[in-house]
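First comes the structure, then the notes that go with it.
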Amino acid sequence: MIRPSPTHLARAGAHPTVWGLEPSQLHDRFWAARGVQVVRLGEPCEIVEDAELFLLTDPRLLAVFNLTRVLEVLNWLKPRVVCLRLHAAGDRGYREKVVTDSQGKFLRFQRSYGGADSRLARVAITPDRNVVRAWLAAPDARTAWRSLRRRISAAHRATLSVDADVYDRTVAHEVMQFTRDLVQAWDAPETTIRRAKRVAPGVWVDGDTQIDAGVKLVGPVWMGVGRDVAGESSVIGPAVLWDRPEARPAIDTIEWGEIEPTQRTETLERLVKPARRTSLSLFSKRAFDVVVALMVVVLTLPLYPIIMLAIWLEDGRPFFFAHRRESMGGKPFPCLKFRSMRKDAEKIKAQLAAQNQADGPQFFIENDPRLTRVGRLLRALDLDELPQFFNVLLGHMSLVGPRPSPFEENQFCPPWREARLSIRPGITGLWQVKRSRLEGLDFQEWIKYDLQYVENAGWRLDLVILWQTFTMILRGILRI
């Protein structure tokens, strides 16, 4: 039975190869199969025209992680760069290496405590070639990261933490472990390695490899050039049989234009992990909503006749506008407001479609001609939303949460939709107090802040949002 041990691999040569490729080159081919070009700091390279994304890394780093969450953020928030904090999967705070004697004979395992080098713990993903050029021009890692933060505003950056397998390519035993793990993680190396040929499930050999009929192969296994297997041998994976040094082939180039699109991306999974909330926290939030809503209703009821009279004098009835929105779990409800627009506002909306300044499913026009004079004042003072406190009392809404949206708006991004419908919508929320209203960013910021709220929902965040909402309303009043 042939089953290479770490010691066996270490003796394969200072820079062992399989199909002519060293471990770091295998790493680059793995990412190329996903349409990602690896760009290492301090290692000049040609920016590939057909690459869809670029992985900006420390030159010592070898990393494997799932692109799912990154692709979601890139597709919906469209940042210029996504900064990733890599958390080594199963990291126990130490690493193990094989210690051998001068003849390569196994002596013992040795543990090194302290975990992974922190400099290897972050990378960046970008579709922007200008960002790549800036990265390559930086003299060191500190300057490179500072340059990214200086060149790209916070509104155009995203930050994620992802589980990853991280290796230092300057440490021999880590490089060998990386290759052994890659054999198990990458089930289609032929995508970017032309010499690789599949001969059995999980078993990849060189195109010229000769294997006798009696040989038993149990994948995952990679067999390099010159590794013919004869007789009654067995090869049990996970294993790598490196190229024989004398048979090492020339390295072929990556044919970026020929990579199958289906190999470039991975199945999109749920992006958002809602914050865990106990029964006590849910009860206390609901109790707080009811108490505050009752107080606001009692304090503002004297304003209702005045507002209703103003609406009637300018544009007649109705006094209220109830728009159908979706609450927790997608349950529809009438979202109440004092009517601030003309009676035919919905009819003429189509005529104004070309003037829409929002970049998503929303409809927004600065100085909207559908607004009445009373309506402009109500919106400036946020008085049009006072009836929504009755929605809070009825359980349709909360004081703080994602913006309540109709069914058609909630169809644009399934992970975003499922996340925002997992909790009650709010009268105010993170998007309302953080949005910039910059052209082309409104919908992206809407998604961004909704997801941030769902993942970090709690008392502290709610109180911060309520205070910021209060100060925004106060500033609005002072400006009038």
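Every number here is computed from the coordinates shown, using simple stated rules; none is lab data. This is a predicted model, so every value here is computed, not measured. Here the Cβ positions follow ideal geometry from the backbone for every residue, glycine too, while neighbour counts run over all protein chains shown.
Some observations on this one:
- When both the range 54-74 and the range 440-480 are represented by their alpha-carbon centers, they are found 30 Å apart.
- Which listed pairs, of LYS78/LYS337; LYS78/LYS331; LYS78/LYS197; LYS285/LYS349; LYS78/LYS285; LYS285/LYS434, have C-alpha distances above 26 Å, in listed order: LYS78/LYS337; LYS78/LYS331; LYS78/LYS197; LYS285/LYS349; LYS78/LYS285
- Here the convex hull built on the C-alpha positions of the range 279-479 has a volume of 125 cubic angstrom per residue.
- Ordering CYS83, CYS335 from the fewest to the most neighbouring beta carbons within 10 Å gives CYS83, CYS335.
- Computed lengthening from GLN468 to THR143, 0.36 nm per intervening residue step minus Cα-Cα distance: 113.5 nm
- Positive minus negative residues near PHE288 (Lys, Arg vs Asp, Glu; Cβ under 15 Å): +3
- Net charge of Cβ neighbours under 13 Å - reference LEU371; Lys, Arg +1; Asp, Glu -1: +3
- Radius 11 Å from Cβ of PHE320, net charge of other residues (Lys, Arg +1; Asp, Glu -1): +2
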